[in-house]
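Here is the structure we will look at.
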Amino acid sequence: MPEESLDLFFERLVEGEPISRRAALRRMAAAGLVVGSAGSLLAACGGVEGTDKGGGETDVASVSHPKVAIGTVTVSNWPLYIDKSVIKDWEQQVDGKLKYVEDYNDNEEFFAKVRLELEANRPIGRDMVVPTDWMAARWIELGYVEPIDKDNVPNAENLLDSLKSPPFDEDRSFTLPWQSGITAVGYNPKKTGRKLSSINDLFDPKFKGRVSMFNDWRDSAGLVLLGMGKNPTTASEDDYLEAIKKIDDENRKGQIRRFTGNDYTKDLASGNLWACVAWSGDLVQLKADNPDLEFLVPEEGGMSWSDNMLMPKNEKNYYGAETFMNFVYDPQVAAKIAAEVNFFCPVKGVKEILAADDPELADNVLIFPDDATLANINPYPSFDSEVERKITAEMQKVTGA
Amino acid sequence: MSQAGATAPAPALGRRSALRRRRALLPALFVAPGLTWLLVFYAIPVLTQLWVSLQTGNPRDGFTQTWNWDVYPDALSEYHEQLFRSVGYAATATLLCFIIAFPLAYFIAVKAGRFKNLFLLLIILPFFTSLIVRTVAWQTLLSDDGWVVGVFQSLGLVDEGGRLLATRTAVIAGITYNFLPFMALPLYASLERLDRRLVEAATDLYASRWTAFRKITLPLAAPGIFAGTLLTFIPAIGDYINAQLLGTTRQFMIGNVIQSQYIVVRDYPVAAALSFVVMVCVLIILALAVRLIGSRQLSEAAVA
């Protein structure tokens, strides 16, 4: 039985209808299938001597991937992050085969899995992967990425202007966003007893032990910096360490119940958490089950991020991968994906298409942020990888490990 | 003829000495599979950890061997809290396991009669489900608005507005639950083999039931107690699922630290050093246990 139809079968079995990616992640988290990144410990225990540096410099300007028969393209993406019919449509259009694998569960975990191959300049068997901004930055810095031949991706011009030049890839030579999202505050007004407006409301002593934050300092410390009146994108290493110190203080007071990954959604839905750092797409999903929940982009602002399509070094089918990128940047196709996954859509013209079919979705500012929201969200900072690792180590000390 | 006479015994002698040599090799051959196992799955990994732990560098520029022994005092001073906590939680959970499992095993071995196998099956039954799924079920069970917390609150065991989930109690309870069979089954094995007539003889000789229990049952169950303790305590030290799912960062154990050092921080030397420390701790505990009760009794109980 083909993989997709098996997936669909299980989705229908559980739900009676196909479910979205985040909802399924939530369910998987509930079933404990996304616990930390335990499964990849072994993968990471491999040899560590030698250097991560591989690849070598590529001349970005002269990149050219000849147009050939598509053949088979292998893509690794996050689970339930696509409308599966898109895969079939593409296969039909280009007369190729798309091996769409949903094995990208966690940035660090996936990196640990493929690190040794990349380091040794060997193919990892994926023509395209979809890491989050900071992880994409790491791949680019280490020279593990093949530039995109823009001639093969004319639709790339549909990319939202606000996403056109992230600090890690100023002219999008290597990456294109798959979906974007906002990190801000999720809360239950029935539990908190009042409307929240500021990030610092997370530190209201009345919510002691009912607040959670993410393990990842880019989200948690980024928001805390906003609460301190600083710009998290341009903040210095010391600023971040100060924000982490503040999180540490609150944690020692018992204010923060847990540091989580995806699994916060279960605690928020069941009422264990009253307010927490949260991802926009999750809340669109959670609200469908529990209308009490609210997603708040605080007055100080929120963090924004993208998961980016990129092509690893030493693979075979770059032209195929680029053709697929071009396909998903067609607004019609992007609209299909947006309607399914509920994150915010990086492609221009999608809102107008959805407005006809599903006006409610098209008006959702979490999927199509208005200008006010866009002005109020900040991309992750970009640090040297060793600085990043130092901050990560500090944050891990606070989160207990 | 003389030539033949001279050479004839020689092959026989050769055969005999070859046989003798093979006989001498025989014990080594018997030990070989076990030794290979130990080498491949224990010695080599442990030594690799030791080797990696002494390197310095970073993931970007690579790691080189510098025999940096300082990593041990550094790692221990940073993470001794989690290490002690692991030992403390594992010891508490082992004790609780014993308190719960002993009466249980005694009942099954002595009183359950023809339902013995049914009860044994009931102990093992939850283990057909994955450890993680079982532990996540506890999350639901212990949630703040759940009935367990409600009952505990009305009994005054949990403060009003207090919680069970994300506390030390939840983590230790989780470990106890998840490791119970490792205690119950060896205990059952040694209690089941116990000759009931010895207890009868003791009571015939005017020993009270308590004295008979103390002087007969308990010593004869000792191998089971030791095996159960080791089988529970050793894996419990390295456990991190319960702390991750039922606890907070204030309950994190050494396993959580090692995981995050490997995957998130990517400080491989520190992660390797901590793994090495844990393995050495386990080895010391095992050696002490062997000294205390002898390896034969230990393996007998474990095998039974």
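The values are calculated or read from the model by the stated rules, or taken from the named source; none is laboratory data. Note that the structure is a prediction, hence the values are computed from the model and not measured. Here Cβ is always computed from backbone atoms with ideal geometry, including for glycine, and neighbour counts include all displayed protein chains.
If you take the residues of segment B:156-167 that are surrounded by 12 or more Cβ atoms within 10 Å (Cβ to Cβ) and farther than 18 Å from A:D267 by Cα, which of them is nearest to the other protein chains (Cβ to nearest Cβ)? Explain how you work it out, then say what you get.
Filtering segment B:156-167 for residues surrounded by 12 or more Cβ atoms within 10 Å (Cβ to Cβ) gives B:157-158, B:162-167.
When the remaining residues are screened for being farther than 18 Å from A:D267 by Cα, the result is B:157-158.
Values: B:L157: 17, B:V158: 13 Å.
Out of the qualifying residues, it is B:V158.
Every residue, every condition in (1) under 23 Å from A:S197 (Cβ atoms); (2) buried (at least 24 other Cβ atoms within 10 Å of the Cβ), yes or no:
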site	(1), (2)
A:W274	yes, yes
A:L283	yes, yes
A:E294	yes, no
A:V297	yes, no
A:N308	no, yes
A:A335	no, yes
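Taking into account only those residues within segment A:171-215 that are of a type in the set (G, A, S) and within 21 Å of the chain's Cα centre (by Cα), which is nearest to the other protein chains (Cβ to nearest Cβ)? Lay out the reasoning, then the answer.
First, pick out the residues of segment A:171-215 that are of a type in the set (G, A, S): A:173, A:180-181, A:184, A:186, A:193, A:197-198, A:209, A:212.
Going one step further and asking which of them are within 21 Å of the chain's Cα centre (by Cα), we end up with A:173, A:180-181, A:184, A:186, A:212.
Values: A:S173: 21, A:S180: 23, A:G181: 21, A:A184: 22, A:G186: 17, A:S212: 9 Å.
So, considering only residues that are of a type in the set (G, A, S) and within 21 Å of the chain's Cα centre (by Cα), the one nearest to the other protein chains (Cβ to nearest Cβ) is A:S212.
From B:R291, B:R266, B:R296, grab the single residue that is under 25 Å from A:E388 (Cα atoms), at pLDDT below 90 and not polar (S, T, N, Q).
Working: B:R291 fails: under 25 Å from A:E388 (Cα atoms); B:R296 fails: under 25 Å from A:E388 (Cα atoms).
When all the criteria are applied, what remains is B:R266.
For segment B:177-184, indicate whether the set of residues that are more than 14 Å from chain A (Cβ to nearest Cβ) and over 21 Å from B:L120 (Cβ atoms) is non-empty. Give the steps one after another, and end with the answer.
To start, the set of residues in segment B:177-184 that are more than 14 Å from chain A (Cβ to nearest Cβ) comprises B:177, B:179-184.
Checking which are over 21 Å from B:L120 (Cβ atoms) leaves us with none.
No, segment B:177-184 contains no residue that is more than 14 Å from chain A (Cβ to nearest Cβ) and over 21 Å from B:L120 (Cβ atoms).
Test B:E192 against the stated conditions and say whether it is out of contact with any strand residue (DSSP E or B) (no Cβ under 9 Å at 6 or more places or on another chain) and either without any contact (Cβ under 8 Å) to a residue 40 or more places away in the chain or of a type in the set (A, V, I, L, M) (or both).
Details: out of contact with any strand residue (DSSP E or B) (no Cβ under 9 Å at 6 or more places or on another chain): yes; either without any contact (Cβ under 8 Å) to a residue 40 or more places away in the chain or of a type in the set (A, V, I, L, M) (or both): no.
Against the criterion (out of contact with any strand residue (DSSP E or B) (no Cβ under 9 Å at 6 or more places or on another chain) and either without any contact (Cβ under 8 Å) to a residue 40 or more places away in the chain or of a type in the set (A, V, I, L, M) (or both)), B:E192 does not qualify.
Could you tell me which residue of segment B:133-159 is farthest from A:L273 (Cα to Cα), considering only residues that are in a loop (DSSP other than H, G, I, E, B) and among the hydrophobic types (A, V, I, L, M, F, W, C)? Quick ask: steps written out before the conclusion?
Pass one, segment B:133-159, residues in a loop (DSSP other than H, G, I, E, B): B:142-146, B:155-159.
Then keep just the ones that are among the hydrophobic types (A, V, I, L, M, F, W, C); that gives B:142, B:155, B:157-158.
Values: B:L142: 14, B:L155: 24, B:L157: 22, B:V158: 18 Å.
By that ranking, first place goes to B:L155.
State the number of residues belonging to segment B:26-66 that are over 19 Å from B:V265 (Cβ atoms), part of a helix (DSSP H, G or I) and within 14 Å of another protein chain (Cβ to nearest Cβ).
Here the count works out to 8.
Inspect all residues belonging to segment A:219-242 and state whether any of them is touching a strand residue (DSSP E or B) at 6+ places or on another chain (Cβ under 8 Å), closer than 28 Å to B:L246 by Cβ and within 14 Å of chain B (Cβ to nearest Cβ).
yes
Yes/no per residue for (1) of a type in the set (S, T, N, Q); (2) in a loop (DSSP other than H, G, I, E, B); (3) crowded, with 24+ Cβ neighbours inside 10 Å:
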site	(1), (2), (3)
B:L180	no, no, no
B:A189	no, no, no
B:L198	no, no, no
B:A207	no, yes, no
B:T211	yes, no, no
B:T229	yes, no, no
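Looking only at segment B:46-65, which residues are loosely packed, with under 15 Cβ neighbours inside 10 Å and within 29 Å of the chain's Cα centre (by Cα)? Talk me through it step by step, then tell me what you get.
To start, the set of residues in segment B:46-65 that are loosely packed, with under 15 Cβ neighbours inside 10 Å comprises B:47, B:56, B:61, B:64-65.
If the condition is that a residue be loosely packed, with under 15 Cβ neighbours inside 10 Å and within 29 Å of the chain's Cα centre (by Cα), then B:L47 is the only one that fits.
Rundown of residues vs (1) within 25 Å of B:L274 (Cα to Cα); (2) at pLDDT below 90; (3) among the β-branched types (V, I, T), yes/no style:
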residue	(1), (2), (3)
B:A12	no, yes, no
B:L38	yes, no, no
B:P45	yes, no, no
B:W51	yes, no, no
B:D74	yes, no, no
B:E81	yes, no, no
B:F98	no, no, no
B:A109	no, no, no
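Considering segment A:377-387 alone, what residues qualify as being out of contact with any strand residue (DSSP E or B) (no Cβ under 7 Å at 6 or more places or on another chain) and more than 10 Å from every other protein chain (Cβ to nearest Cβ)?
To start, the set of residues in segment A:377-387 that are out of contact with any strand residue (DSSP E or B) (no Cβ under 7 Å at 6 or more places or on another chain) comprises A:381-385, A:387.
Correct list: A:P381, A:S382, A:F383, A:V387.
If I go through segment B:213-227 residue by residue, how many of them are of a type in the set (A, V, I, L, M, F, W, C) and either crowded, with 19+ Cβ neighbours inside 10 Å or under 19 Å from B:M279 (Cα atoms) (or both)? Spell out how you get there, then give the answer.
Within segment B:213-227, the subset of a type in the set (A, V, I, L, M, F, W, C) is B:213, B:216, B:218, B:220-222, B:225-227.
From the residues that got through so far, the ones that are either crowded, with 19+ Cβ neighbours inside 10 Å or under 19 Å from B:M279 (Cα atoms) (or both) too are B:216, B:221, B:225-227.
Residues in segment B:213-227 being of a type in the set (A, V, I, L, M, F, W, C) and either crowded, with 19+ Cβ neighbours inside 10 Å or under 19 Å from B:M279 (Cα atoms) (or both): 5 in total.
Which is among the acidic types (D, E), assigned to a helix (DSSP H, G or I), surrounded by fewer than 20 Cβ atoms within 10 Å (Cβ to Cβ) and on the phi < 0 side of the Ramachandran plot, of A:D171, A:D201, A:D151?
On the way: A:D171 fails: assigned to a helix (DSSP H, G or I); A:D201 fails: surrounded by fewer than 20 Cβ atoms within 10 Å (Cβ to Cβ).
On inspection, the qualifying residue turns out to be A:D151.
Rundown of residues vs (1) assigned to a helix (DSSP H, G or I); (2) within 14 Å of chain B (Cβ to nearest Cβ), yes/no style:
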position	(1), (2)
A:Y104	no, no
A:L116	yes, yes
A:M135	yes, yes
A:E157	yes, no
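Can you name the residue in segment A:362-371 that is in contact (Cβ under 8 Å) with a residue 12 or more places away in the chain and either closer than 13 Å to A:A334 by Cβ or over 21 Å from the mean Cα position of the chain (by Cα) (or both) and is also surrounded by the fewest Cβ atoms within 10 Å (Cβ to Cβ) among such residues?
First pass over segment A:362-371, keeping only residues in contact (Cβ under 8 Å) with a residue 12 or more places away in the chain: A:364, A:366-369.
Subsequent filtering for residues that are either closer than 13 Å to A:A334 by Cβ or over 21 Å from the mean Cα position of the chain (by Cα) (or both) retains A:367-368.
On the way: A:I367: 23, A:F368: 20.
Checked segment A:362-371; the qualifying residue surrounded by the fewest Cβ atoms within 10 Å (Cβ to Cβ) is A:F368.
Does B:L76 satisfy the criteria of being surrounded by fewer than 17 Cβ atoms within 10 Å (Cβ to Cβ), touching a residue at least 60 places away in the same chain (Cβ under 8 Å) and either within 30 Å of B:P269 (Cβ to Cβ) or out of contact with any Ser or Thr (no Cβ under 6 Å at 6 or more places or on another chain) (or both)?
On the way: surrounded by fewer than 17 Cβ atoms within 10 Å (Cβ to Cβ): yes; touching a residue at least 60 places away in the same chain (Cβ under 8 Å): yes; either within 30 Å of B:P269 (Cβ to Cβ) or out of contact with any Ser or Thr (no Cβ under 6 Å at 6 or more places or on another chain) (or both): yes.
Answer is yes for this residue.
On the given criteria, is A:G46 assigned to a loop (DSSP other than H, G, I, E, B), within 14 Å of chain B (Cβ to nearest Cβ), modelled with pLDDT under 90 and crowded, with 18+ Cβ neighbours inside 10 Å? Working first, answer last.
Values: assigned to a loop (DSSP other than H, G, I, E, B): yes; within 14 Å of chain B (Cβ to nearest Cβ): yes; modelled with pLDDT under 90: yes; crowded, with 18+ Cβ neighbours inside 10 Å: no.
Against the criterion (assigned to a loop (DSSP other than H, G, I, E, B), within 14 Å of chain B (Cβ to nearest Cβ), modelled with pLDDT under 90 and crowded, with 18+ Cβ neighbours inside 10 Å), A:G46 does not qualify.
Of the conditions (1) over 27 Å from B:A271 (Cα atoms); (2) modelled with pLDDT under 90, A:S382 fails just one. Which one is it?
With (1) over 27 Å from B:A271 (Cα atoms); (2) modelled with pLDDT under 90 applied to A:S382, the lone miss is (1).
Identify all residues within segment A:248-285 that are within 11 Å of chain B (Cβ to nearest Cβ), over 23 Å from the mean Cα position of the chain (by Cα) and not in a loop (DSSP other than H, G, I, E, B); write none if there are none.
Answer for segment A:248-285, where residues must be within 11 Å of chain B (Cβ to nearest Cβ), over 23 Å from the mean Cα position of the chain (by Cα) and not in a loop (DSSP other than H, G, I, E, B): A:D248, A:N251, A:R252, A:I256, A:R257, A:S270.
Name every residue in segment B:233-259 that is more than 8 Å from chain A (Cβ to nearest Cβ) and farther than 26 Å from B:A272 by Cβ, in order of residue number.
B:L246
Which residue out of A:V130, A:V86 is more than 23 Å from A:V387 (Cβ to Cβ) and within 17 Å of the chain's Cα centre (by Cα)? Let's see the steps before the verdict.
Values: A:V86 fails: within 17 Å of the chain's Cα centre (by Cα).
Criteria check complete, one pass: A:V130.
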